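The block underneath contains the structure these notes are about, expressed in structure tokens.
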Amino acid sequence: MRSDIRPQATSREHGRGGRPAAASWAGPELRAVIAGARRRAHRDAERQIDTAHLLHALLECDAGAREALGRAANGAAAADPALRVARVLAYLAQRSIGYGLRWRSTVEGAADRPPAAGSTGYSPCALIALTDAVGRAAARGAGRIEGVDLLGALAADPDARAAEVLRAAGVDPARLAPPAADVAEG
């Protein structure tokens, strides 16, 4: 397994130099998130970074994303935001020993087909989330993606692994993912 996971996508999804469009919008915090997600994918022997890898690294690296997640909790558990974040992280930590095993041989966002031989980079859903995070940052008038932009983008796709983990932990992804137009107004 290669440790230098590189994105592969259509030219529409890439910025300059074959990187995701988000690369030019990445500050040090987002670069740390992507590096953490890359390490997780490598450690899990995955060929691609998926939205669950990005969510896990984001919650480890970004206090703003953890705070937003804590505020978005549903029901009675909403009284303890730290508990909600811990529960999501617990689901993510179980990826290699149970919860995520069914994801092992599939590519997220590719109709759950096995990955093509030699494919590396980001899952289709992860590329879409990174691109959406750029749109969310632009809608806010920001020059860089913040953790809340990526969190909203990860939660926006109801079929993404990140959204599946959030639902399993009792968080409604829709509460984290207002449309980009709503982000600009707020």
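The values are calculated or read from the model by the stated rules, or taken from the named source; none is laboratory data. Since the structure is predicted, the reported quantities are computational estimates derived from the model, not experimental observations. Every residue, glycine as well, gets a Cβ built from its backbone with ideal geometry; the counts of neighbours run over all protein chains shown.
Would you check if there is a residue in the stretch 17-40 being under 16 Å from Ala129 (Cα atoms), part of a helix (DSSP H, G or I), β-branched (Val, Ile, Thr) and at pLDDT 85 or above?
Within the stretch 17-40, one or more residues are under 16 Å from Ala129 (Cα atoms), part of a helix (DSSP H, G or I), β-branched (Val, Ile, Thr) and at pLDDT 85 or above.
Quickly run through the stretch 41-89 and pick out the residues that are modelled with pLDDT of 90 or more and not in a helix (DSSP H, G or I).
Listed by number, the residues that qualify are Ile49, Asp50, Asp62.
If we keep just the residues of the stretch 141-159 that are without any contact (Cβ under 8 Å) to a residue 60 or more places away in the chain and surrounded by fewer than 17 Cβ atoms within 10 Å (Cβ to Cβ), which is farthest from Glu46 (Cα to Cα)?
Gly141
Determine which single condition Ala162 fails, assuming it passes every other condition in (1) modelled with pLDDT of 80 or more; (2) buried (at least 21 other Cβ atoms within 10 Å of the Cβ); (3) more than 20 Å from Arg38 (Cα to Cα).
The one condition Ala162 does not meet is (3).
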